[in-house]
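Take a look at the structure below.
The values are calculated or read from the model by the stated rules, or taken from the named source; none is laboratory data. These figures come from a predicted structure and were not determined experimentally. Heads up, the Cβs are rebuilt from the backbone with ideal geometry, glycines too, and the neighbour counts pull from every protein chain shown. Calculation scope for accessible area: heavy atoms of the full protein, side chains included, ligands and nucleic acids excluded. Shrake-Rupley method; radii C 1.70, N 1.55, O 1.52, S 1.80 Å.
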Amino acid sequence: MATEQQATGIGSAEAVLRAALGSMPYGFSIWGEDRRLVLWNQHYEQMYRYPPGALQVGLSLFEICELTVAVGNHPGFTPERLHAIYQQRLDEASDPLSPLQAQKAIRGQVIKTSHVRSPGIGWIITHEDVTQEVEGQWMADLREKALADQNMRFDAALAHMPHGLTMYDGEWRLVICNQRYREMYDMPPELTRVGTPFQKIINYRRSIGATPVDGELDYVDQVLEATRAEGTRIQTYRMPNGKVISVHQSPMPNGGFVAMHQDITRDIERMEALEASRNLLANQNMRFEAAVNNMSQGLCMFDSEERLVICNAPYAAIYTLPPELVAPGTTLTEILEYRFEHGSVPKLGREAYVSSRRKLVTDRSAAKEDVEMEDGRIIAIQHHPMADGGWVATHEDITEQRQIEARVRHLARHDALTDLPNRVLLREEMEKLEARIQRQECVAVFCLDLDHFKSVNDTLGHGVGDKVLVEVAERLRKASRETDIVARLGGDEFAILVQALDGPRGASALAERIVRSVALPIEVDGHQIQIGTSIGIAVAPVDGKDAETLLKHADMALYRAKGEGRGNYHFFEPGMDEAMQHRRLLEQGLKVALERGQFRLVYQPLVSLADNRVCCLEALLRWDHPERGLISPMEFIPVAEETGAIAAIGDWVLHEACRAATAWPEHVRIAVNLSPVQFKKPGLVASVTEALAAAGLPAHRLELEITETLLLAETETTLATLHRLRDLGVRISMDDFGTGYSSLSYLRAFPFDKIKIDRSFMNELTPQQDSVAIIKAVIGLGQSLGMATTAEGIETEEQLAVVREQGCSEVQGFLFSPPLPASGVDALLGTLRPDRKIRRREFAEQT
């Protein structure tokens, strides 16, 4: 259902037509093809002195003749004689281009009639009192000018209507359409000519995908139904092209119809909300006024004498005009004076504003401008001149819109959370400094990220993490100088553009100040949070002379700072670029290494000291690069973990190791190292189960080794996964035991099957060293907890003797064997005898 604004329909069109007809200085009547009265104006009724209410739509020509004779307009005439004369005149008026004119005397007046034949409508007759024409031709000229002026205003009103208007005759052929209708449906000129069939227009609209769909009836059927209904029918159509059109259709007595088309796409919610108010309209004559007053823009129309013709309520509200100043006839000067006296003063001043208004009127040009007011508002004004010297203007308060646009522009260059400049604004500011850098001025770029920030998000939630970022941003502002630009690049990454720097020493001082500031405890929601920051620094012009290079070099320095222990800063060094290139090559190579078969496994035996035989083999990953040769795991494993490639690689290692172990004796287990990254990916238990099933390997022959890093941020999910793996029958071993800070607490959190003593305790191990006490304690702890112990890095007979004496379960090291390929393992296991003691010499002979 339409709003007052949208509900103009045929009622608003009829109101406009009747207003125009009522302002004509002559009588006007329209007769249908069946020679019955269709439309007339008040002048016509008064000119022939018809009693009020005597004229009705549909009266026949003969009935009008009877009424005319009855009121005494033609003394001595009978209705039949008068009817014959009128019939003859209508018959003679057959040429639309040559109106039939006649004169007749009625009660001392000379009435001049003009009969125009309009195909599809009937006859249009004007009745003009030309009594004074006999007395002076100049009076006729004056009337002719008045008539032309009225027609011009009528045409201007139609041209500036905000809605599309169409009228069809009884044969559904186009009679009238305005420019807004043509634009709304993008109609070509040949389809908007008078006489174009309605079906042809609808076919065109269908062809461009602009056919409305509403209910089960076809659009043509809906129009037909509307022509049969009484009064105005309002329908809303949702178009396939996304537009929503409100169409107001009203039937005409001759079987035709008038339709008003309004694009309400942007206002559909308000249109639906106000649908229920349609029945509250008092009458059709008030609809146009209601629609105008509910426009979002203020509307005003002035004539050529700068007098108000019409304005709507929004216009009055924008300038707080009282009722007496919105009445027709009020001068523009009176309105402007009131506005200026009550605070609606443009910033450019009264005289300049009035002068600009006058110039628009004089130049008769269209204009669109935004006027800033002294009270802070912004009024958008669109000025459209009319042919008669007047103009139509819309006024809209766009203050909020401009504020929103300013906020959007701000957000495009600032971080929404911290309100710091973002990467876009930082680059713009850096590019502005490039000219100064070319002049050898010293500028520095800091790249920062927060240490241990991820654990804040993981343990306390992103809400707390966001508050930490806001606090860090404020600390960075305070630690920096006013001339420096602090930016947030995303996540926990920040950057600072340091200008007017006196050299690297100044950069160091600022970096130290920032590290100290960020390291201070942060209180958030009752939590005391301790984080830190690492900083990479590039100083121009030494480290680069453009924004791209400086940011890249600062990021490289940050990577080095993080690698050296975090909580510090590092300046860019030329060799870093080469290191980053090397890392990028590793990242690129890892993406294809698995699918190209560049990985292989080698196996290092673990020897049981109880029976002196191989009890397990640890699978170790190797990467044979086709160009760079063998790449160390210490080099590529960290990169694989950071990039996430370790998940797929680890899955391959599981399958390959389990497959290889099926060829070994049943008492020999296979040990596989798991990365902490693999635990973060869902489906680890399923991957292990699948690998065992695919190889046909019993679960108790698989031993999974994890490091303390996995348990550093102990979570219920991690422990649950470990227990599920144990439930499968898989053995769990803690690798590198003793190198962390919480090893003993980890043993309480999960019952491991084995602990492996880190090789660092074996270096230069002798019975007199303190390391023996540590090894003894660890082995004793394992025995008391029912866990096996493995000593790694056994390379000498002395080391072997020490760990054997302390009761160690297993040993592993080069004393017995280096890592072997699968073929070497098969040869080794095939020649060993369970009752023989194993020494490195025997391994060498066997392999």
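Some notes on this structure:
- Between the C-alpha center of the range 410-448 and that of the range 171-210 there is a gap of 56 Å.
- In Hz, Karplus ³J(HN,Hα) per residue of the range 642-648 (6.51, -1.76, 1.60; θ = phi - 60°; x = Gly, Pro): 5, 8, x, 5, 5, 4, 5
- Residues of the range 384-410 with amide N under 17 Å of a point placed 7 Å along Cα→Cβ from residue 149: 386-391
- What the Cβ-Cβ distance of residue 482 and residue 402 gives, at R0 = 25 Å and to the nearest 0.05, is a FRET efficiency of 0.30.
- These residues, 606, 325, go from largest to smallest accessible area, 1.4 Å probe, as 325, 606.
- Sequentially through the range 613-626, phi angles give Karplus couplings (6.51, -1.76, 1.60; θ = phi - 60°) of 9, 5, 10, 7, 10, 8, 7, 10, 8, 10, 10, 8, 6, x Hz, Gly and Pro residues having no value and appearing as x.
- Contour excess over end-to-end distance, with Cα ends at residue 80 and residue 689 and 0.36 nm allotted per residue: 208.2 nm
- Bridgeable lysines around residue 145 (alpha carbons under 21 Å apart, same-chain partners fewer than 8 residues away excluded): 112.
- Residue 23 - accessible surface, heavy atoms, 1.4 Å probe, Å² rounded to 10: 50 Å²
- Ranking 172, 623, 652 by solvent-accessible area of protein heavy atoms (1.4 Å probe, all protein chains present), from largest to smallest, gives 652, 172, 623.
- Straight-distance candidates among the lysines for linking to residue 680, with alpha-carbon spacing under 18 Å and chain neighbours fewer than 8 residues away dropped: 454.
- When only the Cβ of Lys, Arg, Asp and Glu is charged (+1, +1, -1, -1), the dipole of the range 470-565 relative to its Cα centre reaches about 240 debye.
- Under 9 Å, Cβ to Cβ, from residue 298 - net charge with Lys/Arg +1 and Asp/Glu -1: -2
- Length released on extending from residue 822 to residue 564, taking residue separation times 0.36 nm less the Cα-Cα span: 89.1 nm
- 700, 74, 43, reordered so the largest accessible area comes first (probe 1.4 Å): 700, 43, 74
- Spatially proximal lysines relative to residue 432 (Cα-Cα < 20 Å; intrachain offsets below 8 disregarded): 545, 552
- About its Cα centre, the range 354-480 has a charge dipole of approximately 340 debye under the convention of +1 per Lys or Arg Cβ and -1 per Asp or Glu Cβ, with nothing else charged.
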